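Read-outs: derived from the displayed coordinates by stated rules, not from any lab. Here the structure is a predicted model, which means the values were calculated and not measured. With ideal geometry, Cβ positions are generated from the backbone for all residues, glycine too; neighbour counts draw on all protein chains shown.
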Ligand SMILES: NC(=O)c1ccc[n+]([C@@H]2O[C@H](COP(=O)([O-])OP(=O)(O)OC[C@H]3O[C@@H](n4cnc5c(N)ncnc54)[C@H](O)[C@@H]3O)[C@@H](O)[C@H]2O)c1
């Protein structure tokens, strides 16, 4: 056993990372599921774990799922927890836990670090991460960015070294357009050839996830529209046949695109559109704040017009793994794979603007605190996850906000119903709202729009029990002033980002 330890960000348990293979357990799992097709899923993160559960709970086909992740400090705990009956994801979606429990009953989901798993698989789904690195100047402007492909290529090689010659490989990872044809296909061909196997039997397709890890987590995979493609007709047909067994395609018909470049582009275009829409809201928030306008009221009025129904509200910033990188990935591919000279400038600018949102938000909050007629020192943050109803803190805008505010104030406490350990900052987080609001704060800042806070008006009731003076700053437009205790009034002791103050 190696000396490396892996700590669970869900339970805090510590696991020894193994340095041996897992062949005996693999064989025993495969033997006890010998009447089922084997699907191996590479990457047991927010997408791979959820996809594993959807496949293992298919109501149209009996699958046995092998989840494959890495034996390292960051990820091994996910393998260990799945195999000990602990779901490695915290979510507000009860279906996630129902699906997990049902795989326990059926014993058709096993997690492993051993790439030998790929040798048993009829279908291999790639759900690993592919990150974008950003270099910024002191003002937060984006100097440069890159998509280092080494880790991704290595992961595909592991598949090529083990897979059956007629396997279906389905790439779900968000990749720079062109990756399936220019990166994945040649790696698989080269590996099959060096193993002395035929190279025209395997099928390779691309179908991107639209997973939303909030309250509709499982349904965002199972009951939602999907786009797919293959590197040739045979591959596309094979992807279609497989997806029809795991997704409710009668209600949500599949959309086949002509090439893998098309589906790869569809994914990054979808997210770039959203990132630009959010970036657009930023300058209007500043305009609203300085002109005494309530931008929420304005956006609500405009949204009634169907063509403008997805105009964005103001907020603390864009977080999560996808919107913060996908437009850059698209621009990178346009230059590196297809020779476009200037990349996709507007999409890149949107990411740069969005990355600066927490700093605007900090200035907004700091301005209120510094100009208050009393010294305010004890700060409470409600929410550290990047979005409502999820326990994912990756690229959470609250992290940048926290880093800034903690340089100004010493006494900062955080609460989040879905996060007990904030891995990026190695901070323990209070999960109970009631215990949190028993503390004394001068300023309570709502930083994530978790709907849980509003359940049965719990937050309003708890705030009404606070008997010392406290100001509230809502950076995500969650709270309703009318439900707060009477002594709260707009821009006196209750402030909302994107809502201006008209001087009387
Ligand atoms: N999180 C989302 O909401 C979301 C939504 C849609 C699409 N996506 C895309 O799906 C992909 C996965 O995202 P995620 O959020 O699940 O990422 P994640 O970081 O949560 O999970 C990725 C997992 O892959 C594992 N991994 C990396 N290299 C590996 C290898 N060689 N072998 C086995 N495992 C390996 C990592 O250890 C990690 O556990 C990304 O491309 C992302 O852009 C994510």
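Checking each residue in the stretch 206-228 for being within 12 Å of the ligand (Cβ to nearest atom), outside any loop (DSSP other than H, G, I, E, B) and more than 13 Å from residue 170 (Cα to Cα) picks out 220, 221. Can you spot a residue in the stretch 336-352 that is surrounded by fewer than 21 Cβ atoms within 10 Å (Cβ to Cβ), closer than 20 Å to residue 394 by Cβ and touching a residue at least 12 places away in the same chain (Cβ under 8 Å)? So far as the stretch 336-352 goes, yes, one or more of its residues are surrounded by fewer than 21 Cβ atoms within 10 Å (Cβ to Cβ), closer than 20 Å to residue 394 by Cβ and touching a residue at least 12 places away in the same chain (Cβ under 8 Å).
For the stretch 84-133, filtered to residues that are away from the ligand (no atom under 15 Å from the Cβ) and in contact with a strand residue (DSSP E or B) (Cβ under 6 Å, 6 or more places away or on another chain), the residue that is nearest to residue 150 (Cα to Cα) is 123. Looking at the stretch 246-256, which of its residues are closer than 18 Å to residue 218 by Cα and under 25 Å from the mean Cα position of the chain (by Cα)? Within the stretch 246-256, 246, 247, 248, 249, 252, 253, 254 qualify. Entry remark, the stretch 159-186: residues being within 16 Å of the ligand (Cβ to nearest atom) and surrounded by fewer than 20 Cβ atoms within 10 Å (Cβ to Cβ) number 3 in total. Whether a residue is in a loop (DSSP other than H, G, I, E, B) and surrounded by 21 or more Cβ atoms within 10 Å (Cβ to Cβ) was assessed, and residue 18 does not pass this test. Could you figure out which of (1) loosely packed, with under 15 Cβ neighbours inside 10 Å; (2) under 28 Å from residue 66 (Cα atoms); (3) away from the ligand (no atom under 12 Å from the Cβ) isn't true of residue 146? All conditions are met except number (2). For the stretch 78-109, the candidate set comprises residues that are in contact (Cβ under 8 Å) with a residue 60 or more places away in the chain and over 23 Å from the mean Cα position of the chain (by Cα); within that set, the residue that is surrounded by the fewest Cβ atoms within 10 Å (Cβ to Cβ) is 107. Inspection of the stretch 300-319 identifies at least one residue that is within 16 Å of the ligand (Cβ to nearest atom), buried (at least 21 other Cβ atoms within 10 Å of the Cβ) and within 19 Å of residue 133 (Cβ to Cβ). Of note, residue 369 satisfies the criterion of being part of a helix (DSSP H, G or I) and either in contact with a strand residue (DSSP E or B) (Cβ under 7 Å, 6 or more places away or on another chain) or surrounded by 19 or more Cβ atoms within 10 Å (Cβ to Cβ) (or both).
Each row is one residue, and each column tells you yes or no for (1) within 16 Å of the ligand (Cβ to nearest atom); (2) surrounded by 21 or more Cβ atoms within 10 Å (Cβ to Cβ); (3) touching a residue at least 60 places away in the same chain (Cβ under 8 Å).
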position	(1), (2), (3)
38	no, yes, yes
48	yes, yes, yes
53	yes, yes, yes
60	no, no, yes
67	yes, yes, no
